[in-house]
Amino acid sequence: MNWKDKYNKMKMTADEAVKLIKDGDTVVLGHAMGEPQELVEALSKNYQNYKDVEIVQMVPFTGELSKEKYEGHFIYNSLFAGGSTRKAVQNGFAEFTPVFFHEVPKLFREKLIDVNVAMIMVTPPDEHGYCSFGVSIDYTRPAAQEADIVIAQVNKFMPRTLGNSMIHINEIDAIVESHHKLPELQPPAIGDIEKKIGEYCASLIKDEAVLQLGIGAIPDAVLTFLGDKKNLALHTEMFSDGVIDLIENGVINNSKKSYMPNLSVSTFLMGTQRLYDFVDNNPSIYMASVDFVNNPAVISKNRRITSLNSAIQVDLTGQVVAGTMGHKIFSGVGGQVDFVRGAAMANEGVSIIAFPSTASKGKISKIVPDITAGSMVTTTNHDVDYIVTEFGIAKMRGKTLKKRAEALINIAHPDFRDELIAAYEERYNCTFPR
Ligand code: COA
């Protein structure tokens, strides 16, 4: 059958489409701004028709299906907790699976997570029958490739991103046309602390560096200090509005990239409508699945790859905790280790872990003698490279444990240095060099 006829035949309401899901199925749900909200609403409305359906998702948007009221109907399996699912994960109602972002598709391929149904959101088809996954290729496209059944919400507001980012109508089983503007993530406010951290981080970024920047005030602050750099490039898990000005000004031009030159490479996007308009049909933006973009071997092909991530806690040996607070899951590993490893393997690679020196309005130091019991180490002290706070830069790679501790104490908040020094002196049986 011609794909256009197939498209028309597959069109149905969301309520009809979710009837394709059976009790006990595993459903992989698109995430972040690519979460197919119409399909989520239909599932939640009809929840009493389901028993033990597992919902797998990375970055949550609505978090709707993780709610306790669906107990017995849906089991929410989080691969990365966010604001809307954190409580459910922490109180044990939702499940949590630790996994490197780039290995999520492998879980599907090797049937460690056996995908019965993929619920995705895509653009309308082009003249050849291809729909773009738009802002979210990541694990969503691999899930659709592995699923027995693919239910697609077709949304004309989804930007049509290019790269290896498409699915053909022949690979879809149910179409639900539902058009709504994508949710927006507003740029964060950048405070003085973030500005200082941004300036330090920018000093570590060389001309021709290939950047991996996440979301948040620190990456955005770093970007404001890059105006004088030359020939920067992007190979990043995600990006946001912050890079648009630098691309438009030619500071990020990908011209000297050793791998995939002339292209900004990414696997998902979160930002405002300005970002969604910017990436729409933009041939310089190459979007692809996360097992490619975040694969450390691929990342390492980028000379001067420079990754920037954050942390909840760092101990005096340089172990980085980024996803947990004690036994409580806060987020997950995400792509942090993918990029830290990739940078470690690359020619002139640099990885930066940057964060304000304190949390909870200055009451807690993020640099601590020992990580909190129960916390999971995200980046090990074998891989850690630079640690940055508003008090400076501490180089870890190649340093002894003692030198690391000294460097970290020197960038800790002054209010906490005495207790860190006491721990240092007891541990190493020597006086702290002042
Ligand atoms: N002890 C207690 N509370 C802490 C804390 C600590 N050591 N560190 C942070 N917090 C609290 C903060 O006070 C803040 O609480 P509030 O919202 O009530 O003010 C909250 O935790 C978030 O802290 P913040 O510093 O604003 O974190 P962030 O939003 O910048 O996120 C990470 C930092 C590490 C959690 C985040 O980068 C992440 O999830 N990383 C995961 C791995 C990764 O880096 N992946 C790559 C991109 S996917």
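Read-outs: derived from the displayed coordinates by stated rules, not from any lab. Note that this is a predicted model, so its numbers are computed, not measured. Positions of Cβ are backbone-derived with ideal geometry, glycine not excepted, and every protein chain shown enters the neighbour counts.
Only loop residues by DSSP count here, and only those with at most 12 other Cβ atoms within 10 Å; note down the trypsin sites (Lys or Arg not before Pro) in segment 345-412 that meet that.
361, 363
How much net charge surrounds residue 152 when only other residues with a Cβ under 10 Å from its Cβ are counted (Lys, Arg +1; Asp, Glu -1)?
Overall, the nearby charge balance is -3.
Whole-Hz Karplus ³J(HN,Hα) for segment 10-20, in order, using 6.51 cos²θ - 1.76 cosθ + 1.60 and θ = phi - 60°, x for Gly and Pro?
With coefficients 6.51, -1.76 and 1.60, one gets 7, 5, 7, 7, 4, 4, 5, 4, 6, 5, 6 Hz.
Treating only the Cβ of Lys, Arg, Asp and Glu as charged (+1, +1, -1, -1), what charge dipole size does segment 271-375 show about its Cα centre? Round to the nearest 20 debye.
Approximately 260 debye in magnitude.
What is the angle, in °, between the Cα long axis of helix 336-345 and the longest principal axis of the Cα atoms in the chain? Nearest 10 is fine, range 0 to 90.
So the inclination is approximately 60 degrees.
Pop out the ³J(HN,Hα) list for segment 290-303 in order, Karplus 6.51 cos²θ - 1.76 cosθ + 1.60 with θ = phi - 60°, rounded to Hz; leave Gly and Pro as x.
6, 5, 8, 4, 9, 5, x, 5, 6, 4, 5, 6, 8, 4
So how do 419, 64, 110 line up by other beta-carbon neighbours within 10 Å, fewest first?
If I rank by nearby Cβ atoms, fewest first, I get 110, 419, 64.
Calculate the dipole size of segment 1-138 relative to its Cα centre from +1 charges on Lys and Arg beta carbons and -1 charges on Asp and Glu beta carbons; express the result in debye to the nearest 20.
It comes to approximately 80 debye.
May I ask for the angle, rounded to the nearest 10°, between helix 401-410 and the longest principal axis of the chain, with both axes built from Cα atoms and the value confined to 0 to 90°?
90 degrees
Viscosity 1.306 mPa s, temperature 10 °C: give me the Stokes-Einstein translational D for segment 323-434 in µm²/s, with Rh taken as the Kirkwood radius over C-alpha pairs.
106 µm²/s
Please get the size of the charge dipole for the chain, origin at its Cα centre, with Cβ charges of +1 on Lys and Arg and -1 on Asp and Glu, quoted in debye to the nearest 20.
The dipole magnitude comes to about 960 debye.
With point charges of +1 on the Cβ of Lys and Arg and -1 on the Cβ of Asp and Glu, referenced to the Cα centre of the chain, which listed residue (205, 61, 359) lies farthest in the positive direction of the dipole?
The listed residue farthest towards the positive side: 205.
Could you let me know the centre-to-centre spacing of segment 314-370 and segment 166-244, using Cα atoms, in angstrom?
19 Å
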